[in-house]
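*Asks:* One structure is given below, represented as structure tokens, and several questions about it will come after.
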Amino acid sequence: KASPRLRKVMGSLTRHLHDFCRENEITIDEYMAALDMINAAGKMSDAKRNEGQLLTDIIGLESLVDEITFTLADDAADAPTATAILGPFWRKDAPLRKMGETIVFGIEDGDNTLMHGKVVDFNTGKPIENAELDVWHTAPNGLYEQQDPNQVDMNLRGRFMTGADGLYDFYCLRPTSYPIPLDGPAGKLLGMLDRHPMRPAHIHFIISAPGYKPLVTQIFDRRDKHIDNDSVFAVKDSLVVDFTPKEGDAKAEFDLAYDFKLVSY
Ligand code: DHB
Ligand code: FE
């Protein structure tokens, strides 16, 4: 038996799509071109690549759903850490690493960074124990590890568990801005629209802890020239951060401090 929710959203989707076709007097050729694009995205997609997601993200759908879902005032200073889209490149089962370790392997040309901070309960301000920080970002060539045969498996990814103090620290790179993959229908569509494919430099996180709403988010480098012009519309003010020069650490040129404030169930 169809669920009421499914009936409602499918009815609404159908109505909007019919209206869209009528309003724009969509031709058979245009309709077939759209189907080709959807099928091409399907063919390219596998466990390592979600081209359908890319295709819908460039028209802002994932960011819109994120905004609808995150109902709290997300850009106030006194708010839980804002959410941001997951994007297509998360992988499950990233290696569990110890605090203070690096997620960078075999990359010589990156700006090494010590990222550190605290995971706290938004309401009480108290540190959260057993919070898992799942982190991932691209190499300086703009590629996630699964896109790049020259990187070791699970490079630039890791999971870290907090202790009773809620503190975390690990070495990563100051990330680089990069184009979303252009070799599929999403790239083709951007090209046809004369739109650029760049995403501002960012680091992804999923922070989860028992009793708390999992936080899917990204942080963005304030000095990136695409900070106001993300091709998938994910930037929020409260997620923009400053990398500061670091002295006296042979392992890092930059320091990045960021606290994550989670909401309990
Ligand atoms: C998208 C998100 C990312 O984080 C990324 O690195 C590339 C693309 C996206 O939303 O499509
Ligand atoms: Fe990304």
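*Asks:* Would you mind finding the one in Arg195, Arg174 that is within 16 Å of ligand 1 (Cβ to nearest atom), of a type in the set (D, E, K, R), under 21 Å from the mean Cα position of the chain (by Cα) and under 22 Å from Asp242 (Cβ atoms)?
*Replies:* Numbers: Arg195 fails: under 22 Å from Asp242 (Cβ atoms).
The conditions single out Arg174.
*Asks:* Let me ask another. Could you give every pair whose Cβ atoms fall below 6 Å, whose first residue belongs to segment 199-210 and is at pLDDT 95 or above and assigned to a loop (DSSP other than H, G, I, E, B), and whose second residue is more than 10 Å from ligand 2 (Cβ to nearest atom) and of a type in the set (Val, Ile, Thr), counting only separations of at least 6 or pairs across chains?
*Replies:* Listed pairs, sorted by first residue: Pro200/Ile227; Ala201/Thr176; Ala209/Ile128.
*Asks:* Now a separate question. Enumerate the pairs (first residue in segment 184-197 and in contact (Cβ under 8 Å) with a residue 12 or more places away in the chain; second residue anywhere and surrounded by 13 or more Cβ atoms within 10 Å (Cβ to Cβ) and among the hydroxyl-bearing types (Ser, Thr, Tyr)) with beta-carbon separation below 6 Å, excluding pairs fewer than 6 apart on the same chain, so at least 6 apart or on different chains.
*Replies:* Going by the 6 Å Cβ cut-off, the qualifying pairs are Pro197/Ser231.
*Asks:* State yes or no: is Ala2 surrounded by 12 or more Cβ atoms within 10 Å (Cβ to Cβ), away from ligand 1 (no atom under 16 Å from the Cβ) and of a type outside the set (Ser, Thr, Tyr)?
*Replies:* no
*Asks:* Only one residue in Ile219, Ile227 is of a type in the set (A, V, I, L, M), within 16 Å of ligand 2 (Cβ to nearest atom) and not in a loop (DSSP other than H, G, I, E, B). Which one? Give the steps one after another, and end with the answer.
*Replies:* On the way: Ile227 fails: not in a loop (DSSP other than H, G, I, E, B).
So the residue among Ile219, Ile227 that is of a type in the set (A, V, I, L, M), within 16 Å of ligand 2 (Cβ to nearest atom) and not in a loop (DSSP other than H, G, I, E, B) is Ile219.
*Asks:* Further question on the same structure: Does Val135 satisfy being within 13 Å of ligand 1 (Cβ to nearest atom), modelled with pLDDT of 95 or more and within 22 Å of the chain's Cα centre (by Cα)? Show your work before the answer.
*Replies:* Working: within 13 Å of ligand 1 (Cβ to nearest atom): yes; modelled with pLDDT of 95 or more: yes; within 22 Å of the chain's Cα centre (by Cα): yes.
The answer is yes for Val135.
*Asks:* Pick from Lys225, Lys188: which is farther than 16 Å from Thr113 by Cα, surrounded by fewer than 21 Cβ atoms within 10 Å (Cβ to Cβ) and within 16 Å of ligand 1 (Cβ to nearest atom)? Give the steps one after another, and end with the answer.
*Replies:* Numbers: Lys225 fails: within 16 Å of ligand 1 (Cβ to nearest atom).
Answer to the check: Lys188.
The values are calculated or read from the model by the stated rules, or taken from the named source; none is laboratory data. The shown structure was predicted, so the numbers you read here are calculated from the model rather than taken from an experiment. So basically every Cβ, Gly included, is an ideal-geometry build from the backbone, and we count neighbours across all protein chains shown.
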